[in-house]
Structure formats: structure tokens, C-alpha cells
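Asks: The structure under discussion is supplied below as C-alpha cells; questions concerning it will follow.
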Amino acid sequence: MTGGIKLAIVVFRSLVFSSLILCAGGARAQQQVIGAPPEASNMKLVGTNDLQARSAYQPTIHHQGDRWIAYIGHHGGTDDIPDPVNPLTGKAEPNGTSIVDVTDPANPRYLRHIPGQEGKYESGGAQMVRICDGKTLPKGDRNAVYMLRTFGSEAHEIWNVADPANPVLITRIGGLKDTHKSWWECDTGIAFLVSGAPDWRTRRMTQVYDLSDPAHPAKIRDFGLPGQEPGATGAVPTELHGPISLGPEGNRVYFGYGTNKGGFLQIVDRDKLINGPKEPTPDNLRYPEIARMPMSALNGAHTTFPMKGMPIAEFAHDKDGKTRDIVMIVDEAILNECGEPRQMVWFADECRRPRARHPRSLSPDRGRLFHPVDHGGDRQALRHPRRRGPLQGRDPDQQCRDRRARLYLHRRPRQYRPAHP
């Protein structure tokens, strides 16, 4: 499987901020020795599956009955192998979605491949996938399990995967010019679909849908930054990468714009977004916005992950402010061998002052958080304990220069789990 990416099932021994394990054969470092033992930090390999030699992007693991099923989105094909052969059918198929039974992690069992859009690399495949049980959705079939996936750049699809080996197409929302990392609230059915509406000026924006009944999707509105809407003039703001919603109880949606440059964190009132005025005018697009924080011109906002009520050790004995609502902002490293500005993790403290318009920025410095004070523009350090990670004790520049690696960040897993298990 030259240059491919396997499904790697690992056991984590401690909390590690890592989201992608590359097993690429085409980018071996000059100083690595063939036959040397594999390197690992805080984890060990349990099992693998070659996914029919298809490069993998987003895996979603779902508990169905007494089984655990992995749904894995794929990029498009490569120049050498645009349509890998599916051994289950004997046919060449464009990359799409792999469905794998991982109940026994040491022996994952490949169940089905659903072909995606024809195309290579970012131009085809079916990169993204999310899962909701029908018994959780307000109007879903209680016996169904629904998979929401992208179909390349042209559509969103919903499949019934109650029988993972025999999925059935339920709904298709097409006519788009791009798609990406969407968010689906299983308890309400509201979906924030990253789409490219043909009449909008940007490649990616948000289409809000009610998918509580997956067989009958109901569009609520289009949403984006002022200047991206149809009929606008002037410069087009940075395109959307993806949203994360806290649902009706949290009443916030966190949008990340940009990937590896010129990014924004946007915090939106969910109720106003869904129930406010729908016409995409500049005023209506600004109406649900609570705050917007620009990133550095050298960094994007790939994932904006809210972490509510985080305890701050240095404030443990303070009367107020012992916990803070933090947003973790993860950039995306795109190029290999140090070919771009360094991509990092940023932390923002959501400002509690009612008149404030922007969250306070906490920028990264190898394990420390820096908090800008309100006067003079100086930064006050908030010391933060460093945690061991995969690069502990190593020279980061050597990793990308000598080992020809793609270093630094991409995304954080988007499933919610306790921050301190």
C-alpha cells in the first residue's frame, strides 16, 4: 500500500493531543533505518486494516447493538491509482466511505465500501462522515442508523446503515460547488452543513438544515460572513472550514474560518441563527454573531473546539474565575518539510463582560498560555504545566527537515468526552 494511510487502532496510555497517524510509505526520512522498531509515544498499535489501499481522512466510531462500527471517509484517488479495486466486488471504484467492524480491534473486519465522487485527492471521494441513531432523532425511524456524508464537492448524502454491510441511500442534497466538515445535532436533528452554494461568492459557507426526519430534509437558511453573500462586492472574506454546535442548551455555535492562514473564530447565538431573519443581507448575517476573533495572517482556524468550565490551576485559590470557558483553535498543517508557517494550537478565553465584542486571545508558546491584559497591549503569562507528547525532547525543525514529515497540527477529534478522565 505505497503512500496510503491505514486504519490504525491504538490504545492511548495518557491524554495526547494527536489526531492523525500517518503510515505513508513514500515519505520515509533519510535518517530512519529499515527494520528499526516503530516509534510510539503514549500508545501502542492493536490492529490495522488497509482499507483497500484508499487514503483515509475522517473516522467516526459508532456503537451499534453489540458491535462497534468504524465509518471512514476517504479523499479522492491518486494519479497512480485513481480508482482502487474493491476486493469484495472485483470492481474499480472511486474512493468513498469504508465501513469496518472494529468490535475486535485486533482483527478489524471490512464490511462495505460505498463509492464516492470521481476525482483525485481533494477533488473526489467522500471525506466527511457523521452518525445519528434513528431512535435519537426526533422524527427518525427508530430502527435506523443514519450516516451523513459528503459526496465529493457536489452533495451531502444520508444513508441508513442499520445493516452496515448493506447501506441504503435515503436523501441527497446536491447542486453544490464544495463541501467539508459538517456538524449534525442528533438530539434535535439540526445540521450545519459546510456547503458551496452556487450563488455565493465563497467556496464554502453554511447551510442550516432540519434533518430530524432524514427522509425529508428542510432547509432553514444560508449563512456566512458579510461579503460572501450573493450580490456583495469587494474582497471576499476567508472561507468556512467547519462549525461545532453546543445545541439548544449551550446556545452557541463555534465557526472556524480559514485553514492555515488568515483565519477567524466566530461565536454565534444558535437561537438567533436558526430563528432570526433568513435573507442573507449584511445586517442579517451579523445579527446572530456574538464575537469574532481574527487569527494571525499566518494561521487558520481549522477546528474551533469549545471547552466549557475548564479549571485553571493558577486560579484555584481565587474567589472568582477559577474556571474559564476556553475555545481551543487548531490550525492545519498542509505542506511537508517546513514548507509553510508553523501551525499550532491556540486557546481563547471567552470574555464574560457583556459589552465586550471579542474573546480574549491566549496564544501558544510551547505549553504556555499568554493572556493579553486590557491596557497597554502587553501580555501576561499564565503558566501551564507541560505534558509529554510525541515530540518531547526532540528538535521540531529536525522532524520536518531531516525526516521529511508534515509536522504540527491538523485537527482535534470532534467527539465530546471528559477533559480530565
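The values are calculated or read from the model by the stated rules, or taken from the named source; none is laboratory data. Computed from a predicted model, the values in this text were never measured in an experiment. FYI the Cβ positions are ideal-geometry reconstructions off the backbone, even for glycines, and counts take in every protein chain you see.
Asks: Checking the condition modelled with pLDDT of 95 or more and either in contact with an Asp or Glu (Cβ under 7 Å, 6 or more places away or on another chain) or within 19 Å of residue 182 (Cα to Cα) (or both), which residue from 116, 134 passes? Lay out the reasoning, then the answer.
Replies: Working: 116 fails: modelled with pLDDT of 95 or more.
After ruling out the rest, the residue left standing is 134.
Asks: A follow-up question, please. Do the conditions hold for residue 136, that is, is it hydroxyl-bearing (Ser, Thr, Tyr) and out of contact with any strand residue (DSSP E or B) (no Cβ under 8 Å at 6 or more places or on another chain)?
Replies: On the way: hydroxyl-bearing (Ser, Thr, Tyr): yes; out of contact with any strand residue (DSSP E or B) (no Cβ under 8 Å at 6 or more places or on another chain): yes.
Yes, satisfied.
Asks: I need the full set of residues from the range 228-262 which are among the basic types (Lys, Arg) and at pLDDT 95 or above, in order please.
Replies: The initial filter retains those residues of the range 228-262 that are among the basic types (Lys, Arg), namely 252, 261.
252, the sole residue that qualifies.
Asks: To continue, here is another question. In the range 158-188, which residue that is more than 18 Å from residue 139 (Cβ to Cβ) and of a type in the set (S, T, N, Q) is surrounded by the most Cβ atoms within 10 Å (Cβ to Cβ)?
Replies: Only one residue fits best here, namely 179.
Asks: If residue 310 satisfies all but one of (1) within 21 Å of residue 264 (Cα to Cα); (2) modelled with pLDDT of 85 or more; (3) of a type in the set (A, V, I, L, M), what's the number of the condition it fails?
Replies: (1)
Asks: Select, from 234, 227, 256, the only residue that is out of contact with any Cys (no Cβ under 6 Å at 6 or more places or on another chain), exposed (fewer than 15 other Cβ atoms within 10 Å of the Cβ) and within 30 Å of residue 334 (Cα to Cα). Reasoning before the result, please.
Replies: On the way: 227 fails: exposed (fewer than 15 other Cβ atoms within 10 Å of the Cβ); 256 fails: exposed (fewer than 15 other Cβ atoms within 10 Å of the Cβ).
Every option except 234 fails the conditions.
Asks: Exactly one of these conditions fails for residue 226: (1) without any contact (Cβ under 8 Å) to a residue 12 or more places away in the chain; (2) in contact with a helix residue (DSSP H, G or I) (Cβ under 6 Å, 6 or more places away or on another chain). Give me its number.
Replies: For residue 226, the exception is condition (1).
Asks: Go through the range 104-137 and count every residue that is among the aliphatic types (A, V, I, L, M) and assigned to a loop (DSSP other than H, G, I, E, B). Let's see the steps before the verdict.
Replies: Of all residues in the range 104-137, those among the aliphatic types (A, V, I, L, M) come to 106, 111, 114, 126, 128-129, 131, 137.
Narrowing the set further to residues that are assigned to a loop (DSSP other than H, G, I, E, B) leaves 106, 128, 137.
Counting residues in the range 104-137 that are among the aliphatic types (A, V, I, L, M) and assigned to a loop (DSSP other than H, G, I, E, B) gives 3.
Asks: Just to be sure, is residue 54 surrounded by fewer than 18 Cβ atoms within 10 Å (Cβ to Cβ) and among the basic types (Lys, Arg)?
Replies: On the way: surrounded by fewer than 18 Cβ atoms within 10 Å (Cβ to Cβ): no; among the basic types (Lys, Arg): yes.
When the stated conditions are applied, residue 54 does not pass them.
Asks: Identify, from the list 381, 316, the residue that is surrounded by fewer than 16 Cβ atoms within 10 Å (Cβ to Cβ), more than 25 Å from residue 253 (Cβ to Cβ) and modelled with pLDDT of 80 or more.
Replies: On the way: 381 fails: modelled with pLDDT of 80 or more.
Being surrounded by fewer than 16 Cβ atoms within 10 Å (Cβ to Cβ), more than 25 Å from residue 253 (Cβ to Cβ) and modelled with pLDDT of 80 or more holds for just one of 381, 316, which is 316.
Asks: Right, another one. Looking for whichever is closer than 17 Å to residue 173 by Cβ and touching a strand residue (DSSP E or B) at 6+ places or on another chain (Cβ under 9 Å) here; the options are 113, 156. Which one fits? Don't jump to the end; show me each part of the working.
Replies: Numbers: 113 fails: closer than 17 Å to residue 173 by Cβ.
One residue alone meets the criteria, 156.
Asks: When the residues of the range 187-201 are narrowed to those that are of a type in the set (D, E, K, R) and without any contact (Cβ under 8 Å) to a residue 60 or more places away in the chain, which ends up nearest to residue 211 (Cα to Cα)?
Replies: So in the range 187-201, the residues of a type in the set (D, E, K, R) come out as 187, 199, 201.
Retained after the next criterion (residues that are without any contact (Cβ under 8 Å) to a residue 60 or more places away in the chain): 199, 201.
Values: 199: 23, 201: 26 Å.
This residue is 199.
Asks: Sticking with this structure for a sec: Here's a check for you: in the range 116-127, which residue that is within 23 Å of residue 169 (Cβ to Cβ) and surrounded by fewer than 21 Cβ atoms within 10 Å (Cβ to Cβ) is nearest to the chain's Cα centre (by Cα)? Walk me through it before giving the result.
Replies: Step one: list which residues in the range 116-127 are within 23 Å of residue 169 (Cβ to Cβ), which gives 116-119, 123-127.
With the extra rule that they be surrounded by fewer than 21 Cβ atoms within 10 Å (Cβ to Cβ), the set shrinks to 117-119, 123.
Working: 117: 20, 118: 23, 119: 22, 123: 18 Å.
So, considering only residues that are within 23 Å of residue 169 (Cβ to Cβ) and surrounded by fewer than 21 Cβ atoms within 10 Å (Cβ to Cβ), the one nearest to the chain's Cα centre (by Cα) is 123.
Asks: From the list 60, 78, exactly one residue is closer than 19 Å to residue 157 by Cβ, touching a residue at least 60 places away in the same chain (Cβ under 8 Å) and surrounded by 15 or more Cβ atoms within 10 Å (Cβ to Cβ). Which is it? Walk me through how you get there before you give the answer.
Replies: Numbers: 78 fails: closer than 19 Å to residue 157 by Cβ.
It is 60.
Asks: Quick check: anything in the range 88-97 closer than 26 Å to residue 205 by Cα and either β-branched (Val, Ile, Thr) or part of a strand (DSSP E or B) (or both)?
Replies: Checked against the condition, which is being closer than 26 Å to residue 205 by Cα and either β-branched (Val, Ile, Thr) or part of a strand (DSSP E or B) (or both), the range 88-97 yields at least one hit.
Residue-by-condition table, conditions (1) in contact (Cβ under 8 Å) with a residue 40 or more places away in the chain; (2) in contact with a helix residue (DSSP H, G or I) (Cβ under 7 Å, 6 or more places away or on another chain); (3) within 24 Å of residue 274 (Cβ to Cβ); (4) not hydroxyl-bearing (Ser, Thr, Tyr):
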{"position": "128", "(1), (2), (3), (4)": "yes, no, yes, yes"}
{"position": "143", "(1), (2), (3), (4)": "no, no, no, yes"}
{"position": "163", "(1), (2), (3), (4)": "no, no, no, yes"}
{"position": "174", "(1), (2), (3), (4)": "no, no, yes, yes"}
{"position": "185", "(1), (2), (3), (4)": "yes, yes, yes, yes"}
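Asks: Oh, and also: Looking only at the range 189-199, which residues are within 17 Å of residue 155 (Cα to Cα) and surrounded by fewer than 23 Cβ atoms within 10 Å (Cβ to Cβ)?
Replies: Keep residues of the range 189-199 that are within 17 Å of residue 155 (Cα to Cα), which gives 191-199.
Scanning the range 189-199 gives 196, 197, 198, 199.
Asks: Another one. Would you point out the residue of the range 59-81, among those that are more than 19 Å from residue 165 (Cα to Cα) and not hydrophobic (A, V, I, L, M, F, W, C), that is farthest from the chain's Cα centre (by Cα)? Walk me through how you get there before you give the answer.
Replies: Within the range 59-81, the first condition is being more than 19 Å from residue 165 (Cα to Cα), and the residues that meet it are 75-81.
When the remaining residues are screened for being not hydrophobic (A, V, I, L, M, F, W, C), the result is 75-80.
On the way: 75: 14, 76: 18, 77: 21, 78: 23, 79: 26, 80: 28 Å.
By that ranking, first place goes to 80.
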